[in-house]
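*Asks:* Below you'll find the structure I mean.
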Amino acid sequence: MSYQIFGDLPPTTLSTDELRKLMVSVFAANPGSYYFTSFINHLSSIIVKEGNGFNAAPNTTYTGTVCQTDQTRICEIIWDMIIDRHLTIGGNGHYEWPNFSVTERGKIYFANANKK
């Protein structure tokens with residue numbers, strides 16, 4: 001028997017540093033512009049696909065996104081990256097949050113950080 005879970009994923013077991021490293025790998029692979037909700041969806045799909053970061057129940061398919069607590073942690077990591085000037089507010093012709101983009105400085109940083 002299999003189950004399908006709609007809604008939030010279980011809370012991740014990733015530390016903040018592990019979650020940040022996952023985000024760095026996403027930005028290194030796709031150094032463009034993002035909308036926060038779309039970014040959350042993308043990051044959630046990676047976590048589900050890799051099966052790393054939360055305790056998945058056996059024979060269960062998850063279709064939701066990371067829980068609100070993890071979304072808050074992701075937002076805080078993004079703000080830290082903005083302060084470090086690796087990300088900036090705005091993108092795709094929208095110059096306000098929740099749109100954000102990888103900066104030129106960020107492209108270099110993420111590419112080098114992902115090689116480590």
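The values are calculated or read from the model by the stated rules, or taken from the named source; none is laboratory data. Computed from a predicted structure; not experimentally measured. Neighbour counts run over all protein chains shown; Cβ positions are idealised from the backbone, glycine included. Just so you know, the surface numbers come from the protein's heavy atoms only, side chains and all, with ligands and any DNA or RNA stripped out. Shrake-Rupley method; radii C 1.70, N 1.55, O 1.52, S 1.80 Å.
*Asks:* Accessible area per residue of the chain at 1.4 Å probe, in Å²?
*Replies:* Working: 6840 Å² over 116 residues.
In whole numbers, the chain has 59 Å² accessible per residue.
*Asks:* Follow-up question, since we're still on this one. How compact and how long is region 30-95, expressed as Rg and Dmax of its alpha-carbon atoms in Å?
*Replies:* Rg and Dmax of region 30-95, Cα atoms, are 13.8, 43 Å.
*Asks:* Give, in nm to one decimal, the length gained when the segment between His94 and Glu50 is fully stretched (0.36 nm per residue of separation minus the Cα-Cα distance). List each step's numbers first, then the result.
*Replies:* Details: separation 44, 0.36 × 44 = 15.84 nm, distance 3.18 nm.
Additional length available on full extension: 12.7 nm.
*Asks:* Ignoring ligands, DNA and RNA, what percent of the accessible area of the chain is carbon or sulfur (1.4 Å)?
*Replies:* Whole-percent figure for carbon plus sulfur exposure: 52.
*Asks:* Once both labels are modelled 7 Å past Cα along the beta-carbon direction, what's the Arg105-Phe6 spacing in nm?
*Replies:* Result for the modelled spin labels: 4.5 nm.
*Asks:* Mind telling me which of Thr60, Thr37, Thr72 comes out most flexible in a GNM of the chain, alpha-carbon contacts under 10 Å?
*Replies:* Judging by the Gaussian network model, the answer is Thr60.
*Asks:* Local charge sum around Ser101 (other residues, Cβ-Cβ under 15 Å, Lys/Arg +1, Asp/Glu -1)?
*Replies:* Details: positive: Arg85, Arg105, Lys107; negative: Asp84, Glu96, Glu104.
Spelling it out: positives minus negatives among the neighbours equals 0.
*Asks:* Got the relative contact order for the chain handy, in percent, Cα pairs under 8 Å and 6 or more residues apart?
*Replies:* Numbers: 145 pairs, mean separation 43.9, N = 116.
Reported as a whole number, the value is 38 percent.
*Asks:* For the chain, count all C-alpha to C-alpha pairs, find those more than 21 Å apart, and express that count as a whole percent of the total.
*Replies:* Values: 2533 of 6670 pairs.
Of all Cα-Cα distances in the chain, 38 percent exceed 21 Å.
*Asks:* Does region 4-52 come out rounded, prolate or oblate, given a ≥ b ≥ c as the square roots of the eigenvalues of its C-alpha gyration tensor, rounded meaning a/c under 1.5 and, failing that, prolate meaning a/b above b/c?
*Replies:* Working: a/c = 2.03, a/b = 1.32, b/c = 1.54.
Judged from the Cα gyration tensor, region 4-52 comes out oblate (a/c at least 1.5, b/c at or above a/b).
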